[in-house]
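To keep things clear, I will list the structure first and then write my remarks on it.
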Amino acid sequence: MDALKLHAVKGCQRLESVDVTDHEGKEKAIRKLFGSAGKNPNVLPGFICDNGRNIHVGDQFLANYHVTILDVREVNIGDNVMIGPGTLISTVNHPMLPSGRRRHLGIAKPVTIGNDVWIGGNVVIVPGVSIGNNCVIAAGAVVTKDVPDNSLVGGVPARLIRTLENDVD
């Protein structure tokens, strides 16, 4: 196991071992695992990541139960973002041809999530996607394309359902 993967595995174990009522201990474990974190980060049990140091979250971040972030590349998440249980954010993909997969080749692209975003449960966000500010990603959506500001998207693949009002500007 390489050093980055080992950092992630140990960091996730450390985070999991902290009592959920020990807010200071949780925050310390999050800051040690992630590349950076704003004010009041919260990660609930079952969190898994590939690296940890490529995850950058803003203020008031919440990852609910069993969130997975495959951060071979950077995952930049803004302020006031809530991620629902069972969500997968992936920055890595693999070749379509078996010869590339047999060599364990990967193709990595960063993921960016803006401010004031609510990602429902069991969402999948694929490599290279950018989600704008004030967006809601409906439960079960598979986000394969960029999502503009003030959007509610859902479905497989995710599509625009409607535009949202932004009442915090």
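Summary table
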{"read-out": "Check on ARG101, charged (D, E, K, R) and either in contact with a helix residue (DSSP H, G or I) (Cβ under 9 Å, 6 or more places away or on another chain) or farther than 26 Å from LYS10 by Cβ (or both)", "value": "yes"}
{"read-out": "Flag if VAL75 is open to solvent by less than 10 Å² (accessible area, probe 1.4 Å), at pLDDT 95 or above and either among the charged types (D, E, K, R) or in contact with a helix residue (DSSP H, G or I) (Cβ under 6 Å, 6 or more places away or on another chain) (or both)", "value": "no"}
{"read-out": "Those residues of segment 54-71 which are surrounded by fewer than 21 Cβ atoms within 10 Å (Cβ to Cβ) and aliphatic (A, V, I, L, M), in sequence order", "value": "LEU62"}
{"read-out": "Flag if GLY25 is in contact with a Gly (Cβ under 7 Å, 6 or more places away or on another chain) and open to solvent by less than 60 Å² (accessible area, probe 1.4 Å)", "value": "no"}
{"read-out": "Every pair of residues 6+ apart whose Cβ atoms lie under 7 Å, when the first sits in segment 37-48 and is within 12 Å of THR87 (Cα to Cα) while the second is modelled with pLDDT of 95 or more and not hydrophobic (A, V, I, L, M, F, W, C)", "value": "GLY46/TYR65; GLY46/HIS66; ILE48/THR68"}
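Condition check ((1) assigned to a helix (DSSP H, G or I); (2) aliphatic (A, V, I, L, M); (3) farther than 24 Å from GLY78 by Cβ) across all residues:
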{"position": "LYS10", "(1), (2), (3)": "yes, no, yes"}
{"position": "GLN13", "(1), (2), (3)": "yes, no, yes"}
{"position": "GLU16", "(1), (2), (3)": "yes, no, yes"}
{"position": "THR21", "(1), (2), (3)": "no, no, yes"}
{"position": "GLU27", "(1), (2), (3)": "yes, no, no"}
{"position": "LYS32", "(1), (2), (3)": "yes, no, no"}
{"position": "GLY46", "(1), (2), (3)": "no, no, no"}
{"position": "ARG53", "(1), (2), (3)": "no, no, no"}
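The values are calculated or read from the model by the stated rules, or taken from the named source; none is laboratory data. Remember, predicted model here, so these are calculated numbers, not experimental data. Glycine gets a Cβ as well: all are built from the backbone with ideal geometry, and neighbour counts include every protein chain shown. All accessible areas refer to the heavy atoms of the entire protein, side chains included, with ligands and DNA or RNA removed. Shrake-Rupley method; radii C 1.70, N 1.55, O 1.52, S 1.80 Å.
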